[in-house]
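Below is one structure, written out as C-alpha cells; comments come after it.
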Amino acid sequence: MATSNSNTTSVSMKLLVDSTRGKVLFAEASKDVVDFLFTLLSLPVGTVIKLLSKDGMVGSLGKLYESVENLDDTYLQPNLDKDMLLEPKVTVAGANILPLLTNNVDSNAKQFYLCTRCDRRISDVSGTVCPNCSRGMSTEVTYVSPAAPTVARPSEGGYVKGVVTYMVMDDLEVKPMSTISSIAMLNKFNVKEIGALEEKAVNLGMEEGLKLLKASLETSAVLTKVFLDNKKA
C-alpha cells in the first residue's frame, strides 16, 4: 500500500527473515511495491547514473556520463541536446510511486514540440531544428492516449493488477504469493527451525528506493543488503 504527503511517498512490505543466517528469504509485497520494482526496468542508463551519482556507479558508466557533461557543444550534432543523454525523461506507468526515485520522470504525459513556423514537423526534444524551415521546434503539444473502450473497467495504473499479494525474493524475482508457494519457499531454503524466522515490516521510501536501485546492480541479495544491516550481503 502506498502512503504519501506533500513531500514524501512510501510503500510498505513485510520481510520474512531467517535470523540464524541474517538473510531475507522473501517479502510479502503489494501491487505498489511490484510496480516500483518493474519501473526500474524502464529507466534509461543516463537516468540511473544521475540518480546514483557518477561516483557511486560501479564500472565505467560514470566516466562515460562525465564525458558527455564535459564535451564541448562544438563537437555535438546541431540538433542534439545533452539532456537527451544526461537527463532523459521517461514515461512510466507507476505514477503513484515514482517519487520513490525522482521527480524527473514524467508519469502523466509525453511532451512533443511543433515547429514554431510551419507546424509540419514534430520532435520530443525542445529546440530541435526543423528540417523544413530551420526554425526551432519549441511549441509544446501534449500526447493524448487513445480512449479506452467504454466497456473496459477503469485501469488501476501501474504494471500489475492488485488482485493478489506478491512474493518478492531476495534477488527481486517476483511471483504471485499463495500459502502453497510460501511453504515451497521454506522447503527450498531448507528451513528447519520455524522459530528462527522473523517477520519484519519495512517502508520503502526515496532513500530505500535509491538503495534498492544501487543494490540491484551490485548483488543478488538485494533485500538483505538494503533492509538488514548485514555486512556479508
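Every number here is computed from the coordinates shown, using simple stated rules; none is lab data. As the structure is a prediction and not an experimental result, all values here were calculated from the model. Cβ placement follows ideal geometry from the backbone for every residue including glycine, while neighbour counts extend to all protein chains displayed.
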> How many nm is it between the label spots at Arg21 and Arg120, if each spot is 7 Å from the Cα in line with the beta carbon?
Replying inline: 6.6 nm
>> Over 24 Å between Cα atoms: which of Lys175/Lys214; Lys188/Lys214; Lys63/Lys211 fall into that group?
In response: Lys188/Lys214
>> Using amide H atoms built in the peptide plane, which far-off residues or other-chain residues are under 5 Å from Ser12 H to H?
In response: Leu204
>> Per residue of region 161-172, what does 6.51 cos²θ - 1.76 cosθ + 1.60 with θ = phi - 60° give for ³J(HN,Hα)? Whole Hz please, x for Gly and Pro, Karplus curve as stated.
In response: 7, x, 7, 9, 8, 10, 9, 10, 6, 4, 8, 6
>> Counting other beta carbons within 10 Å of each residue's own, what order do Tyr75, Tyr166 fall into, fewest first?
In response: Tyr75, Tyr166
>> Less than 9 Å Cβ to Cβ from Glu199, Lys/Arg counted +1 and Asp/Glu -1: what total charge do the surrounding residues give?
In response: 0
> Along region 193-208, what does the Karplus equation 6.51 cos²θ - 1.76 cosθ + 1.60 (θ = phi - 60°) give for ³J(HN,Hα), rounded to whole Hz, x for Gly and Pro?
Replying inline: 10, 4, x, 7, 8, 10, 9, 10, 8, 10, 9, 10, x, 4, 4, 5
>> If I stretch the segment between Tyr75 and Glu198 completely, what's the gain in nm (0.36 nm per residue apart, minus their alpha carbon distance), one decimal?
In response: 38.5 nm
> Taking neighbour Cβ counts within 10 Å as the exposure measure, how do Leu61, Leu76 sort from fewest upward?
Replying inline: Leu76, Leu61
> ³J(HN,Hα) across region 112-118 via Karplus (A = 6.51, B = -1.76, C = 1.60, θ = phi - 60°), whole Hz, x for Gly/Pro?
Replying inline: 10, 10, 8, 5, 6, 10, 10
> How do Ser19, Ser12 rank when sorted from fewest to most other Cβ atoms within 10 Å of their own Cβ?
Replying inline: Ser19, Ser12
